[in-house]
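The next block holds one structure in the form of structure tokens; read it before the comments.
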Amino acid sequence: MEGKVVILGGGVAALGATYHLVKHGTHPVIIERSREIGGLASSYRIGDFYIERFYHHFFPTDTLVFDLAKELGIENKMLWKKTRMGFYHKDKLYGFTSPLDIIRFMPLSFANRVRFGLTMLKIAKTREFGNLDKLTAKEWLISTFGQEIYQEIFLPMLKIKFAMSLDKASAAFVYGRLRARAESRARNISAEKLGYMENGYHDLIDAMYRKAKGKCSFYYNTEVMEIQYNEHNYSIKTRKDGKITTITADYIINTLPLEVFAKLAKGFPPQFMENVRKIKYQAVICATIGLTKKLSDYYWINISSAELPFHGVIEHTNFIPSSHYNNNHIAYVFNYVTPEHPFWRINEKKLMKAYIGGLKRMFPDIADKDVLWHRVAKERYATPIFLQGYEEDMKSVEDFRHLYFAGSFKIYPHSRNVNNVLRTGFEAAEHLIADEGK
């Protein structure tokens with residue numbers, strides 16, 4: 001079987017590449033392991049509504065998503081809401097959005113509350129990352145915010161996110177996350193303005209798929225077993241329903257996590273493979289929970305308490321009203337973990353018992369009877385681990401003889417979101433189109 005252009009993976013980056021190629025007259029083959037497209041942006045169908053498997057929103061700066069929605073004729077489905085952030089610290093929930101919230105945040109001295117607010121305003125106005133990739137997050141945060149703010153606010157969250165790699169966490173990554181948040185509040189300092197679509201990214205994914213359908217080939221439930229470089233082309237061995245098939249490709253856009261690609265790749269130069277193997281990934285567990293009532297007034301709650309079984313609570317229906325979801329109140333809880341973490345191995349029943357127990361501790365009014373339904377998603381290669389010096393490692397993974405890369409590993413140091421991942425797919429497609437024309 002032949003496929004002149006083959007895209008490995010069916011997530012957001014792959015869809016971006018597919019859409020861009022089809023738009024410019026190239027008809028790719030897309031190979032996706034699961035039975036649906038969308039990857040980390042795919043959705044559950046709960047009754048008559050869709051809700052994403054992993055929480056998402058977009059920022060006012062996500063111009064690629066806005067332009068694409070307009071091009072696809074679905075810009076009328078975009079919603080903008082003001083949201084509030086909370087901070088759960090030593091068994092107490094604080095508001096953490098407006099200047100008044102920060103002034104009331106008693107774990108910090110008054111001087112450091114003022115310092116935190118002024119520093120975040122400064123970050124919102126700064127456009128350059130400078131040499132932050134060469135610094136650790138600890139170095140930059142202490143020099144920028146001071147020891148107390150680092151200790152009380154940032155250190156607990158860095159421990160959650162980076163675990164064993166805490167001392168090597170990238171300053172540029174942390175700065176990028178803070179800047180995205182600060183920019184979303186730039187025009188309204190009392191709330192954070194975020195965007196969503198009526199059915200989440202399901203609407204965008206579906207619209208892109210419909211535009212591309214008929215001009216490309218989607219192979220679902222198809223696992224890539226081997227990617228062989230043959231000097232003049234590539235042989236891709238796949239398996240579906242126990243049947244092995246080999247596809248010959250002249251061009252490949254790889255959107256698989258690089259750890260996965262490295263296990264499948266054969267015949268590539270040793271130095272190229274050494275560079276690919278530098279990029280490591282972290283796993284995530286995300287539970288979506290339908291409830292009879294709301295938990296709080298906050299959309300996003302950061303957690304600094306190591307005693308709780310999860311790292312954050314996103315109360316989705318404090319963002320998009322419960323009326324969109326048959327009056328179900330929907331919350332996400334999540335953990336960033338390694339595959340060795342006990343939660344990665346235990347079954348869903350035990351995991352949800354721990355998660356519901358954690359919610360009861362935070363919100364004593366919640367009882368078992370308030371839980372209507374739940375779904376659990378686990379993704380082994382959810383996000384690259386952004387450590388000090390990551391930029392050099394990222395740039396060392398270069399396109400190779402009609403093999404192009406797209407995906408979350410390429411968005412650094414910018415915030416890891418759908419807009420930026422989508423952009424990597426567009427860029428890979430542009431490079432391929434340029435090479436096709438040579």
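Counting only residues that are at pLDDT 95 or above and among the basic types (Lys, Arg), which one in the range 279-309 is farthest from the chain's Cα centre (by Cα)?
Only one residue tops the list, namely Lys293.
Kindly establish whether Arg84 is under 16 Å from the mean Cα position of the chain (by Cα), of a type in the set (Lys, Arg) and crowded, with 16+ Cβ neighbours inside 10 Å.
So Arg84 fails the test.
Of everything in the range 127-141, what is among the small types (Gly, Ala, Ser) and either surrounded by fewer than 19 Cβ atoms within 10 Å (Cβ to Cβ) or at pLDDT below 90 (or both)? Give them in sequence order.
Gly130, the sole residue that qualifies.
What single numbered condition from (1) at pLDDT below 95; (2) in a strand (DSSP E or B); (3) not small (Gly, Ala, Ser) fails to hold for Arg416?
Among (1) at pLDDT below 95; (2) in a strand (DSSP E or B); (3) not small (Gly, Ala, Ser), Arg416 violates only (2).
Out of the residues in the range 235-265 that are under 29 Å from the mean Cα position of the chain (by Cα) and surrounded by fewer than 16 Cβ atoms within 10 Å (Cβ to Cβ), state the one that is farthest from Thr222 (Cα to Cα).
Lys263
Using beta carbons and a limit of 7 Å, which pairs, at least six apart or on different chains, have the first residue in the range 107-127 and within 19 Å of Leu93 (Cα to Cα) and the second one aromatic (Phe, Trp, Tyr)?
Leu108/Phe116; Arg113/Phe105; Phe116/Phe145
Scan the range 219-233 and tell me whether some residue there is more than 16 Å from Ile31 (Cα to Cα), assigned to a strand (DSSP E or B), in contact with a Phe, Trp or Tyr (Cβ under 9 Å, 6 or more places away or on another chain) and touching a residue at least 60 places away in the same chain (Cβ under 8 Å).
Checked against the condition, which is being more than 16 Å from Ile31 (Cα to Cα), assigned to a strand (DSSP E or B), in contact with a Phe, Trp or Tyr (Cβ under 9 Å, 6 or more places away or on another chain) and touching a residue at least 60 places away in the same chain (Cβ under 8 Å), the range 219-233 yields at least one hit.
On the given criteria, is Glu231 surrounded by fewer than 19 Cβ atoms within 10 Å (Cβ to Cβ), within 27 Å of Ala249 (Cβ to Cβ) and at pLDDT below 90?
Taking the combined requirement at face value, the residue satisfies it.
Which ones in the range 315-333 are modelled with pLDDT of 95 or more, surrounded by 19 or more Cβ atoms within 10 Å (Cβ to Cβ) and outside any helix (DSSP H, G or I)?
Glu315, Asn328, His329, Ile330, Ala331, Tyr332, Val333
The values are calculated or read from the model by the stated rules, or taken from the named source; none is laboratory data. Owing to the predicted nature of the structure, the values given are computational and were not obtained by experimental measurement. Glycine gets a Cβ as well: all are built from the backbone with ideal geometry, and neighbour counts include every protein chain shown.
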